1. If only Cα atoms are counted, what is the Rg of segment 182-295, and what is its Dmax, in Å?
2. What are the ³J(HN,Hα) values, in whole Hz, obtained from phi via the Karplus relation 6.51 cos²θ - 1.76 cosθ + 1.60 with θ = phi - 60°, for each residue of segment 144-157 in sequence order, with x given for Gly and Pro?
3. List nothing, just return the count: lysine pairs in segment 6-245, 8 or more apart or interchain, with Cα separation under 23 Å.
4. In nm, give the distance between the simple-model label positions of residue 217 and residue 81, each being 7 Å from the Cα along the Cα-to-Cβ direction.
5. Work out how far the C-alpha atoms of segment 244-295 reach from end to end along every principal axis, then list the three figures in whole Å, largest first.
6. Within a 10 angstrom radius of the beta carbon, how do 183, 162 rank from fewest other beta carbons to most?
7. Restricting to segment 90-170, compute how many DSSP beta bridges are antiparallel as a %, nearest 5.
8. Membrane-span-like helices in the chain: DSSP H runs reaching 15 Å or more (Cα, own axis), mean Kyte hydropathy at least 1.0?
Amino acid sequence: MKPISMMKRAGFTAIAGLMAINAFAQDEVSIVNITDNIHMLVGKGGNIGVSTGADGTFLIDDKFAPMTGNIIEALKSLGGDSATYLVNTHFHGDHSGGNENFGKTGTLILSHENVRTRLADGSTVSAFNMVTPPQSGSALPVITFSEEMTVHLNGDAINVIHVPNAHTDGDSIVHFSDSNVIHTGDVFFNGFFPFIDVEHGGSVIGTINAVDAILALSNDDTVIIPGHGALSNVTELKAYREMLDTAQTRLSKLKAEGKDAAAAAAMNPLSDLDEQWGTVMFNAYRWISIIYDGI
């Protein structure tokens, strides 16, 4: 299982980025090849990671429920079938919405313990007016962990590692240690300001710490699957970390001065970051209103 060359990676990174941004209105699932048996599935919802092989099909996240049929068709085209194992990197519906569909096919769902709790309790994400009712039965992870677990499959040691209070309170990153591939979940939005779910335990400093954990596992050849955006690499992840650190430093200062979110946003402290990071989901003004309580 050899990682793709940097030249090939650059070519489909641009294409995958456009797909990831535009796919919110589409049901198609596109495949990005990473190694002989590890792939990224792009379409409406978060990016999926998948390993196929003689030991079964290992899936990382499952998008929205209506996407399940197209996901399974993509898995079959890769020589797999409905997933043997499924990891939820966190509880949001664009990453776990297909759980019930996959669970009913016999897929074994794994997650951090807080993911099962959030799914069972139901949730409201105010930033998007997104209400998810309590889940039960086959929609819930069957195996949960508190810190870390390893799945040995298809010639790889797949380490699933909890990173606390980052995008949410239940995030995991997934490290294919033998193949040098990492799925970050929504700890990493490649190329744009990330949604950080402060209501459910997320924070900017926790996200920075999670990025540091990813970088500690990485080298210049590591292929990085972000939660959203194009297939990536360490250079892009470091740029993202620098942006987060800049935001944390500037907003912490304003918070220490007693300014609330509205007053801080009105000062435009991140205006210089907008051109690069504020063109996809949120501009800097809107982003500050979302993350400020998590500073």
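1. According to the Cα coordinates of segment 182-295, Rg and Dmax are 13.8, 44 Å.
2. 10, 9, 9, 10, 6, 8, 10, 10, 9, 7, 6, x, 10, 9
3. Final tally of qualifying lysine pairs is 7.
4. Result: 2.9 nm between the two label points.
5. Principal extents (Cα only, largest first): 29, 19, 18 Å.
6. The most exposed by this proxy come first: 162, 183.
7. Bridges in segment 90-170 are about 75 percent antiparallel.
8. Details: long enough: 6-22 (24 Å, 0.89); 204-216 (18 Å, 1.77); 234-256 (32 Å, -0.53).
Result, helices passing both filters: 204-216.
The numbers here are math on the coordinates, done by the rules we state, and not lab data. Please read these numbers as outputs of a predicted model, since none were measured by experiment. Positions of Cβ are backbone-derived with ideal geometry, glycine not excepted, and every protein chain shown enters the neighbour counts.
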